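Notes for the one structure printed next.
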Amino acid sequence: MRNEGKSVDEILIGKMGSVRRAPLPPGFPGWDAVATMKWEEIVRRAQANEPGFRELRKLLSDKRFDK
């Protein structure tokens, strides 16, 4: 996968700024809190159904937000 080994900040470099305006569920820590997390941790936490991480994984892998 193209995001393997990258942090959220590194992935966001290749995304449009509008991805940060996407609504995230209540209780999600926010973009600043996940900025240094690696892609693999996002995927692991999404698979564990932690609040907001499934949406975050979807946003970061969505090609509609690519530059």
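In table form, for the structure just shown:
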| read-out | value |
| --- | --- |
| Within the chain: Cβ-based charge dipole about Cα centre, in debye rounded to nearest 20 (Lys, Arg +1; Asp, Glu -1) | 260 debye |
| Estimated [θ] at 222 nm from DSSP helical runs (n ≥ 4, -39500 (n - 2.57)) normalised by residues in the chain, nearest 500 | -10500 deg cm²/dmol |
| Whole-Hz ³J(HN,Hα) from phi, Karplus 6.51 cos²θ - 1.76 cosθ + 1.60, for the stretch 6-20, glycine and proline x | 9, 7, 4, 4, 5, 5, 5, 4, x, 10, 6, x, 5, 4, 6 |
| Whole-Hz couplings from phi, Karplus 6.51/-1.76/1.60, listed for the stretch 37-50; x for Gly and Pro | 5, 7, 4, 4, 5, 4, 5, 4, 6, 5, 5, 8, 6, 6 |
| Candidate lysines - alpha carbon under 19 Å from LYS67, same-chain residues fewer than 8 apart omitted | LYS6, LYS15, LYS58 |
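Just so you know, all these numbers are worked out from the coordinates, no wet-lab data involved. This one's a predicted model, so the numbers in the text were calculated from it and none came from an experiment. Glycine also receives a Cβ, built like all others from the backbone with ideal geometry; neighbour counts cover every protein chain displayed.
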